[in-house]
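Okay, structure first, notes after.
The values are calculated or read from the model by the stated rules, or taken from the named source; none is laboratory data. These figures come from a predicted structure and were not determined experimentally. Glycine also receives a Cβ, built like all others from the backbone with ideal geometry; neighbour counts cover every protein chain displayed. Note: areas computed on protein heavy atoms with side chains; ligands, DNA, RNA excluded. Shrake-Rupley method; radii C 1.70, N 1.55, O 1.52, S 1.80 Å.
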Amino acid sequence: MKLIPLPAFQDNYLWVLHDGQRALVVDPGDAQPVLSFLRQAGLGLDAILVTHHHPDHVGGVQAVREATGARVYGPARETIPCADEKLAGGDAIQVLGLSFEVIDVPGHTAGHIAYFARPAGEAPILFCGDTMFSGGCGRLFEGTPAQMLHSLDALAALPADTRVCCAHEYTLSNLRFARAVEPANEALADYQRRCEALRAGGEPTLPSTVGEERRINPFLRTRQPDVVRAAHSFNGADAGDDVAVFAAIRQWKNEFR
């Protein structure tokens, strides 16, 4: 299977997975890059996987569906254009010969879902939309800190070699914040250098891996002593309350410049 991040808008990635003949696309907020890629690669499209309802993730769904006849899958708790099948945590779908497990990950939006698969002979794949970014997580537009922490815990529990296919190239700005939270984290400093080199060469920083995110992402590390101390220094967050620590780090990120 080939995994392709198609750039769209300022910083979105529309992920395409294909076997050389048939493909799926995740969160096609813009139809043009998807249809151009399919045409140039000579691919048919079997499925459109949608993680949540924001316009930069669904804006191109109807046009792509009309052009390709692809089946549209989306979250059961959100309104998705022309959805053929609505999904919730624990569901599974078969696409391109792969079984995708659906994971409920509310927080960024109320009904956000993620898709997880284990291609034979390859590292697992996670399409997580705007729930987790490399070095960061999505803003809490509709959910609570407790919901988002639970969602991130579920993603962090996936196998370490899982490829994390986030929907935005936010990595460098996220890592600048992460360094403010954990300035002594050497794994983070090394990862930042590698990502800066990738971007300087015009390459995406994604996909990351779950194992990498466990080492460098402050939102997956809110129980680590250095992160707890940083949260307490920001707003006096209770070191014994995981949700309060997470909420403090998320608020700090909202205000970080």
Among residues other than Phe116 whose Cβ falls under 14 Å from its Cβ, what is the net charge (Lys/Arg +1, Asp/Glu -1)? -3
For the chain, what % of the accessible area comes from carbon and sulfur atoms, probe 1.4 Å? 48 percent
Highest-MSF residue in the chain out of Pro81, Pro28, Pro207 [GNM, Cα springs under 10 Å]: Pro81
Rounded to the nearest 20 debye, dipole of the chain from Cβ charges on Lys, Arg, Asp, Glu: 380 debye
By the C-alpha gyration tensor axes a ≥ b ≥ c (rounded if a/c is under 1.5, else prolate when a/b exceeds b/c, else oblate), the shape of segment 173-255 is prolate
Under a crude label model (7 Å from the Cα following the beta-carbon direction), how far is Asp238 from Asp153 in nanometres? 1.6 nm
Sequence gap at least 6, Cα distance under 8 Å: using those rules, report the relative contact order of segment 161-257 to the nearest whole percent. 28 percent
Tell me, in nm to one decimal, what length is gained between Arg229 and Ser36 on full extension, where the rule is 0.36 nm per residue of separation less the Cα-Cα distance? 64.6 nm
Could you state the orientation-averaged shadow area of the convex hull built on the Cα atoms of segment 90-134, in nm² to one decimal? 3.5 nm²
Send over a whole-number figure in Å² for the accessible area per residue of the chain, probe 1.4 Å. 41 Å²
Rounded to 10°, Cα long-axis angle of helix 31-41 versus longest principal axis of the chain: 60 degrees
At a Förster distance of 22 Å, what's the computed FRET efficiency of Ala63 paired with Asp84, Cβ-Cβ distance as r, to 0.05? 0.90
Sequence-distant or interchain residues sharing an amide H contact under 5 Å with Met132, placed H: which? Gly138
Cα axis of helix 186-200 to longest principal axis of the chain: angle in degrees, 0 to 90, nearest 10? 40 degrees
Cα-based helix-to-principal-axis angle, 225-235 vs the chain, degrees rounded to 10: 80 degrees
Between rounded, prolate and oblate, where does segment 94-206 land on the alpha carbon gyration tensor, with a ≥ b ≥ c its root eigenvalues, rounded for a/c under 1.5, else prolate if a/b exceeds b/c? oblate
With N residues in segment 152-208, Rg(alpha-carbon) / (2.2 N^0.38 Å) equals 1.18
From largest accessible area down, sort Glu186, Glu142, Glu212; use a 1.4 Å probe on the protein chains. Glu186, Glu142, Glu212
Phi-derived 3J(HN,Hα) across segment 207-220 with the Karplus relation (6.51, -1.76, 1.60, θ = phi - 60°), rounded Hz, x for Gly and Pro, is x, 8, 10, 4, x, 4, 5, 4, 7, 10, 8, x, 7, 9
Where does each of Arg77, Arg163 land when they are ordered by accessible area, with a 1.4 Å probe and the largest first? Arg77, Arg163
Taking the C-alpha atoms of the chain, convex hull volume expressed per residue in Å³: 118 Å³
Taking every other residue with Cβ under 14 Å from the Cβ of Gly60 and scoring Lys and Arg +1, Asp and Glu -1, one gets -3
Among Ala184, Ala114, Ala239, determine the one that fluctuates most according to a GNM of the chain built with springs between C-alpha atoms less than 10 Å apart. Ala184
Summing +1 for each Lys or Arg and -1 for each Asp or Glu, what net charge is found among the other residues whose Cβ lies under 14 Å from the Cβ of Tyr191? +2
Determine the relative contact order of segment 120-179: mean sequence separation of Cα pairs under 8 Å and six or more apart, normalised by residue count, in whole percent. 55 percent
Calculate the radius of gyration of the Cα atoms of segment 40-94 to one decimal place, then report Dmax, the largest Cα-Cα distance, as a whole number, both in Å. 11.5, 36
Would you mind telling me the antiparallel percentage of the DSSP bridges in the chain, rounded to 5? 65 percent
Pull out a ≥ b ≥ c, the square roots of the eigenvalues of the alpha-carbon gyration tensor of segment 67-112, then state rounded if a/c is under 1.5, prolate if not and a/b is larger than b/c, and oblate in the remaining case. oblate
Ranked from highest to lowest mean number of other Cβ atoms within 10 Å per residue, what is the order of the peptides 70-76, 120-126? 70-76, 120-126
